[in-house]
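Heads up, the thing below is written out as structure tokens.
The values are calculated or read from the model by the stated rules, or taken from the named source; none is laboratory data. Remember, it's a predicted structure, so these values are computed and weren't measured experimentally. Positions of Cβ are generated from backbone atoms using ideal geometry, with glycine treated the same way; all protein chains shown enter the neighbour counts. Side chains are part of the model used for accessible areas, which takes the heavy atoms of the whole protein and leaves out ligands, DNA and RNA. Shrake-Rupley method; radii C 1.70, N 1.55, O 1.52, S 1.80 Å.
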Amino acid sequence: MTTPPLHPQAGTRSPLGTTDIGEKLRIGFITHFDQSEDTASIYRENIRLVQALEAQGYDSAWIATRHFGSGWAAAPSPYGLLGALAASTERIGLGTAVLPIIFDDAVRAAEELSVIDHLSGGRLLVGLGKGVPSDSYQVFEAYSPDRDQSFSEKIETLHWALEGNQVEGGSQSIYPANTSLQGRLFHGSSNDKTIRYAAERGDGFILERFGNGPEREPGERQTFQRRQLRTVLDYRRVFRETWGDTRTPYVVTSRSAYPGATTSAALAEASATAARWNEYAGILGRVNPEYSPADQLLSDNFVWGDPEALAADLLADPTVLLTDELVLGIHPALHTIDETIAKAKILLDEVVPLVRKGWATGRAELLAHEEAGVAS
């Protein structure tokens, strides 16, 4: 018998307290399709990865969607891959982190996503964004230099299309409708205005893995994490003020966590497997190549250690305590799919139980402060 998906179909559109969103920490895993430069096999190999994640018991699998192969991410469009994953899995949630919707036709995106979600049995988790920085986006016909305005317009059109509305001035309606998917849309941004808009719109939002500008320093990780915490609290406040108990806020947070037998062994291995990424990030000015391997990783908010050390580090991040779905990954380390599967199993079996235990207590304390209006 097929196990029903763990993600409630209504998502943010469920009344507060009617789902386990916020009651149980959901765990996802993200892949950037960067494990190999062989594009002939990378897509099939990642389908195998997601099937393994489902067998291991992950709640969700997320695929990075980036144009121009940015950071070696090899999936510029998620639709074909999501369709293949929907047909080759049964239970696991399928997420995009994130689909740069501003370069797409929002009605066509709604059609694609609606079909795939129906095929999957209501398992899509659609992260939507504006794309990572690039000087080449003008190649897309839908490109607009006003990214913020374009994003909000695309979101509005996407919601309209998912409702199956009739075309103005025409006789036809958008098909197939999928109003349940409206509750599983997440805005991916570090822009405060965009995140408040997600709350006002009744959508979820997904937090980036690493900081920006001066936050990308090894000594500024806590500053970055506290900034994200304030963002989550602001989203929850606006969501509550807008929707009360009629809808449920939904926050997804992505973090890199590299497990090893010991903390020193994990650092040695991570330093070697992330060397290609750190060199690339250094060229972009995102990581200082003069730093030690450990400080280069910390600049990327990349943590490592034995299971106990990893769990402690994640629980020391207040943003993790207020997230509803924690998406882990070993990116930017370069691994085969089999090595990635093995690391994912260690994370889920040995790290996650410790995180879930501390998450329940730490979250309750933070929410108590929030309700008292003294969180900072």
Inset, instruction - Restrict the check to region 171-187 and report whether at least one residue is of a type in the set (A, V, I, L, M, F, W, C), open to solvent by 10 Å² or more (accessible area, probe 1.4 Å) and modelled with pLDDT of 95 or more. - result: yes
Inset, instruction - Taking only region 51-73 into account, find how many residues are among the small types (Gly, Ala, Ser) and farther than 24 Å from Arg184 by Cα. - result: 3
Inset, instruction - Return the only residue of Asp38, Asp59 being acidic (Asp, Glu), within 21 Å of Ile341 (Cα to Cα) and open to solvent by less than 20 Å² (accessible area, probe 1.4 Å). - result: Asp59
Legend entry - Neighbours by Cβ (under 7 Å, 6+ apart or cross-chain): first from region 158-183, closer than 18 Å to Gly95 by Cβ and assigned to a loop (DSSP other than H, G, I, E, B); second at pLDDT 95 or above and open to solvent by 30 Å² or more (accessible area, probe 1.4 Å): Asn178/His118
Inset, instruction - Run Ala142 past the list (1) part of a helix (DSSP H, G or I); (2) in contact with a Phe, Trp or Tyr (Cβ under 8 Å, 6 or more places away or on another chain) and report the number of the one that doesn't hold. - result: (1)
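Is it fair to say Ala342 is open to solvent by 10 Å² or more (accessible area, probe 1.4 Å) and farther than 21 Å from Gln35 by Cα? Explain how you work it out, then say what you get.
Values: open to solvent by 10 Å² or more (accessible area, probe 1.4 Å): yes; farther than 21 Å from Gln35 by Cα: no.
It is false that Ala342 is open to solvent by 10 Å² or more (accessible area, probe 1.4 Å) and farther than 21 Å from Gln35 by Cα.
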Inset, instruction - Of the numbered conditions (1) open to solvent by less than 20 Å² (accessible area, probe 1.4 Å); (2) closer than 22 Å to Gly28 by Cα; (3) not charged (D, E, K, R), Phe210 fails exactly one; give the number of that condition. - result: (1)
Inset, instruction - Would you check if Gly93 is in contact (Cβ under 8 Å) with a residue 24 or more places away in the chain, closer than 30 Å to Ser134 by Cβ and buried (at least 20 other Cβ atoms within 10 Å of the Cβ)? - result: yes
Legend entry - Which numbered condition Arg255 misses (of (1) of a type in the set (Lys, Arg); (2) assigned to a helix (DSSP H, G or I); (3) within 25 Å of Ala270 (Cβ to Cβ)): (2)
Inset, instruction - For region 207-215, indicate whether the set of residues that are among the hydrophobic types (A, V, I, L, M, F, W, C), closer than 27 Å to Gly93 by Cβ and part of a loop (DSSP other than H, G, I, E, B) is non-empty. - result: yes
Inset, instruction - Kindly indicate whether Thr246 is assigned to a helix (DSSP H, G or I), among the β-branched types (Val, Ile, Thr) and surrounded by fewer than 23 Cβ atoms within 10 Å (Cβ to Cβ). - result: no
Inset, instruction - For region 290-305, name all the residues that are open to solvent by less than 40 Å² (accessible area, probe 1.4 Å) and in a loop (DSSP other than H, G, I, E, B). - result: Asp300, Asn301
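Among the candidates His369, His335, single out the residue that is modelled with pLDDT of 90 or more, surrounded by fewer than 23 Cβ atoms within 10 Å (Cβ to Cβ) and either more than 22 Å from the chain's Cα centre (by Cα) or not in a helix (DSSP H, G or I) (or both).
Being modelled with pLDDT of 90 or more, surrounded by fewer than 23 Cβ atoms within 10 Å (Cβ to Cβ) and either more than 22 Å from the chain's Cα centre (by Cα) or not in a helix (DSSP H, G or I) (or both) holds for just one of His369, His335, which is His335.
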Inset, instruction - Kindly indicate whether Ala311 is in a helix (DSSP H, G or I), open to solvent by 20 Å² or more (accessible area, probe 1.4 Å), closer than 25 Å to Arg216 by Cα and of a type outside the set (Asp, Glu). - result: no
Inset, instruction - Starting from region 216-240, take each residue that is among the small types (Gly, Ala, Ser) and list its partners that are open to solvent by 20 Å² or more (accessible area, probe 1.4 Å), counting only C-beta distances under 9 angstrom and pairs at least six apart or across chains. - result: Gly219/Asp295; Gly219/Leu298
Legend entry - Count - residues of region 194-219 that are of a type in the set (D, E, K, R) and modelled with pLDDT of 95 or more: 4
Inset, instruction - Collect the residues in region 97-115 that are in contact with a Gly (Cβ under 9 Å, 6 or more places away or on another chain) and open to solvent by less than 10 Å² (accessible area, probe 1.4 Å), keeping them in residue-number order. - result: Leu99, Pro100, Ile101, Ile102, Ser114
Inset, instruction - Could you check how many residues of region 209-239 are in contact with a Leu (Cβ under 9 Å, 6 or more places away or on another chain) and not acidic (Asp, Glu)? - result: 9
Legend entry - Unique match (being surrounded by fewer than 17 Cβ atoms within 10 Å (Cβ to Cβ), closer than 21 Å to Leu128 by Cβ, modelled with pLDDT under 95 and in contact with a Ser or Thr (Cβ under 8 Å, 6 or more places away or on another chain)) among Pro76, Pro8: Pro76
